[in-house]
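The values are calculated or read from the model by the stated rules, or taken from the named source; none is laboratory data. These numbers come from a predicted model, not from an experiment. Cβ coordinates were reconstructed from backbone atoms using ideal geometry, including for glycine residues, and neighbour counts include every protein chain displayed. Side chains are part of the model used for accessible areas, which takes the heavy atoms of the whole protein and leaves out ligands, DNA and RNA. Shrake-Rupley method; radii C 1.70, N 1.55, O 1.52, S 1.80 Å.
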Amino acid sequence: MPSPQELKQEKEKLQKVIAEVKEGVIIVDPQQNVSLMNKSAEEITGHGSVEALGKPIGHILTVLDNEKEVHPDTYCPVSGVKLEGIVYEKDNLQLVSKKEEIKVVNLKAQKMKDGMEMGVGCILTIEDTFAQSELERMKLDFVAMSVHVLRTPLSILKGYLSYLTKRETLQKLNETEADYLKNSVVSTDELVYLVDNLLDLTELQASGFRISPIPLDLDKAVQSVVYEFKPFADAKMLEIIYAPSLSELPLVYADATRLKIVLRNLISNAIKFTDGGSVEITVAQESSDFLKVTVKDTGRGIPEKNLPHLFKKFYRVKEALEMETGRGLGLYVSKEIVGSHGGKIGVESKEGVGSTFWFTIPVYKERK
Ligand code: ADP
């Protein structure tokens, strides 16, 4: 049996070890009270370890999953069976810090063999998805700055080029010259699209994927984006169909600007990768907590093997590499945006038949 002195030394050793871990670590005792907490956990939760010690974990850690609070019994079950290993693991939860800041975190809870006897109910690791290294921050600042600087001359170039593509000007050019001009327009559009997506991404990352949601009419947001894209669909002789839901839908709780970025990315892809037929957008009630937007096209479809990678940064299906436009950022940005709202994004697709991209967005719930 170790002496109290030895136990104290062991505890100090353990404290030193977990202090070095870059993730937040909280050790919870079998009564669900905090028994140890490292510096990162203090930073993430905003609670000092001295004040937190002995307090119920639910008082120190407030995490929400899709706006609903996750109960300590869920992430750190104490009663019943003797569990071992990982008992809870979830990414992109919203943590409400002591200062009421919302942070996006990944939370993992582990149980130790014989933990209960040793006074360890569970070990929580919390990863703040925004806690980037200084170098990453510098990289991000550099990209953000370059992208901002690029945006203005690009808009000017696009303006001049669209002026030159007026019919009167085109008529003065021979066929090759007109082709050169058209190609310049396509490449400039591609650059503008890329710069815009990079801007979205850097802004989103700079804010730590934090969003400013408001109660919003999803139907209206979709309608306005569909309206924006009508000329592009018309130019490709595609039918763009938006049938608002027949039943009255509740408001969603979303960041209007960012929600539109997702809609634009999905609708522009649907038009870009469809050469005949239609693009159909619907909004429906997915559950009492979520609405679902679906963008269905009758385009080229996506080979099954590519589906799991689509939402990764800079991923493009091989065939799309031969096309002039796009750089594989739109879906990644969209996934990050939908995720920071607590929603999900996905796709079903069949090669040669078409693709259906969808995402869910939380319903606005009045807090009483
Ligand atoms: P981008 O369109 O800029 O290349 P995205 O991230 O938006 O980047 O899309 C990644 C890739 O996914 C595209 O290059 C394309 O290969 C594929 N893709 C996306 N949407 C569709 C769609 N509706 N139909 C077929 N392929 C698609």
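If you roll a 1.4 Å probe over the heavy atoms of the protein chains, what accessible area per residue do you get for the chain, in Å²?
57 Å²
I'd like to know which of 27, 77, 15 lies farthest towards the positive end of the charge dipole of segment 1-96, counting +1 on Cβ of Lys and Arg and -1 on Cβ of Asp and Glu. In segment 1-96, that residue is 15. Contact order for the chain, expressed relative to its length and based on alpha carbon pairs under 8 Å spaced 6+ residues apart, stands at 12 percent.
Which percent of the accessible heavy-atom area of the chain goes to carbon and sulfur, probe 1.4 angstrom? Carbon plus sulfur share of accessible area: 56 percent.
A full extension of the chain between residue 150 and residue 15 corresponds to an added length of 43.7 nm, given 0.36 nm per residue minus the alpha carbon distance. FRET efficiency for residue 169 and residue 344, Cβ-Cβ distance as r, R0 = 51 Å, nearest 0.05? Approximately 0.60, to the nearest 0.05. Averaging the Cα positions of each part gives two centres, and for segment 206-264 and segment 89-134 these lie 34 Å apart. Could you check the simple spin-label distance between residue 256 and residue 217, using points 7 Å along Cα→Cβ, in nm with one decimal? Each label point is offset 7 Å from its Cα along the Cβ direction, giving 1.1 nm. Solvent-accessible area of residue 341, all protein chains in place: 10 Å² (probe radius 1.4 Å, heavy atoms, ligands and nucleic acids excluded). Computed from the C-beta positions of residue 5 and residue 118 and an R0 of 22 Å, the FRET efficiency is 0.80 to the nearest 0.05.
Remark on the chain: ratio of C-alpha radius of gyration to 2.2 N^0.38 Å is 1.23. With a 1.4 Å probe rolled over the protein heavy atoms of all chains, the accessible area of 10, 42 falls in the order 10, 42, largest first. Dipole magnitude for the chain: computed about the Cα centre from +1 point charges on Lys and Arg Cβ and -1 point charges on Asp and Glu Cβ, it is near 220 debye. Over all orientations, segment 136-246 has a Cα convex hull whose mean projected area works out to 10.4 square nanometres. Across the cross-link table entries 260/292; 98/344; 68/344; 98/139, which are compared at the Cα atoms, the separations over 18 Å belong to 98/344; 98/139. Most simply put, the chain has about 90% antiparallel DSSP beta bridges, counting only bridges with both residues inside it. Ranking 54, 262, 93 by how far each Cα lies toward the positive end of the dipole of the chain (charges on Cβ) leaves 262 at the top. Principal semi-axes of the equivalent ellipsoid, √(5λ) from the alpha carbon gyration tensor of segment 267-313, are 22, 17, 9 Å from largest down.
Accessible area ranking (1.4 Å probe, heavy atoms, ligands and nucleic acids excluded), largest first, for 116, 237, 37: 237, 116, 37. Length available on full extension from residue 241 to residue 73: 0.36 nm per residue minus the Cα-Cα distance, which gives 55.9 nm.
Using only helices, what value at 222 nm comes out for the chain when you add -39,500 (n - 2.57) per DSSP H run of length 4 or more and divide by the total residues, to the nearest 500 deg cm²/dmol? Value at 222 nm, helices only: -13000 deg cm²/dmol. With the Cα gyration tensor of segment 203-277 giving a ≥ b ≥ c as the square roots of its eigenvalues, does the rule (a/c under 1.5 for rounded; else a/b larger than b/c for prolate; else oblate) give rounded, prolate or oblate? Since a/c reaches 1.5 but b/c is at least a/b, the shape of segment 203-277 is classed as oblate. Of the residues 188, 274, 74, the one that moves most in a GNM of the chain with alpha-carbon contacts below 10 Å is 74. Taking 0.36 nm per residue of separation and subtracting the Cα-Cα distance, full extension of the segment from residue 96 to residue 84 would add 1.5 nm.
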